[in-house]
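Derivation of every value follows stated rules applied to the coordinates shown; laboratory data play no part. Please read these numbers as outputs of a predicted model, since none were measured by experiment. Cβ placement follows ideal geometry from the backbone for every residue including glycine, while neighbour counts extend to all protein chains displayed.
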Amino acid sequence: MLRAKRLSLPADAHASIIVLAAQLEAVQTMIRSIEKRIVAQHRASEASKRIETIPGIGVIGATAITATLTDPKAFRSGRDFAAWIGLVPREDSTGGKQRLGPISKQGDQYLRRILVVGAHAVLRRARQQPEKYPWVTQLLARKPFRVVAVALANKMARIAWKLMTTGEQYERARLEARTEAQMAAAG
């Protein structure tokens, strides 16, 4: 309030700023309340805690995946789950010749965005510590950053599906090797 007087704002402008500040404070309080509920839900879910251990997936991503995917066995494979989110190439096959097109983006936009943003974080870390992320580093050498981000998001979705269906803990080396083999076999 003292600062507004020093700047000699008109009375209407000062009143408007006070209203906007009160609204901002109310929104921040609501956000803190929602974040506390999300963290509580995350802590109560074993599947969410397992998924959070995947690099690039945090509390928000893990709770979003477990809340959206209530029955992981509804999908035959991790690829089907990734396709449902919209992280796999669209197939344009004809005459027995399989052609993969662009990423379909036909799915859960929120989950896709969370996974791609998480993949961006992993890629930034991979650039700083390439020895920890050999698969990503090799792919970054051949492909553009955003293409690699979507490929990594696809991989993260497949690993999340696997952890939810089997109840296993995330073991980086074993799961990533298995996922890479599955991705190579799927095309």
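Peptide packing for 72-84, 132-144, 53-65 was compared via the average number of neighbouring C-beta atoms within 10 Å per residue; ordered from the highest value, the list is 53-65, 72-84, 132-144. Pairs with C-alpha atoms separated by more than 21 Å, drawn from the list LYS73/LYS97; LYS49/LYS73; LYS97/LYS143; LYS73/LYS162; LYS49/LYS155, are LYS73/LYS97; LYS97/LYS143. On the basis of the beta-carbon distance and an R0 of 25 Å, TYR110 and THR137 show a calculated FRET efficiency of 0.30. Between the beta carbons of SER45 and VAL19, assuming R0 = 30 Å, the FRET efficiency works out to 0.15 to the nearest 0.05.
Placing a pseudo-label 7 Å from each Cα along the Cα-to-Cβ vector at LYS97 and ILE34 gives an inter-label distance of 4.9 nm.
In this simple spin-label model, placing a label point 7 Å from the Cα along the Cα-to-Cβ direction at both ALA67 and ALA26 gives a separation of 2.3 nm.
What is region 17-172 by shape, rounded, prolate or oblate, if you read a ≥ b ≥ c off the alpha carbon gyration tensor as root eigenvalues and call it rounded for a/c under 1.5, prolate for a/b larger than b/c, and oblate otherwise? Because a/c hits 1.5 or more and a/b exceeds b/c, region 17-172 counts as prolate.
Pairwise Cα distances in region 105-165 exceed 17 Å for 38 percent of all pairs.
Once the chain from ASP80 to GLU171 is taken as fully extended at 0.36 nm per residue, the excess over their C-alpha distance is 30.6 nm.
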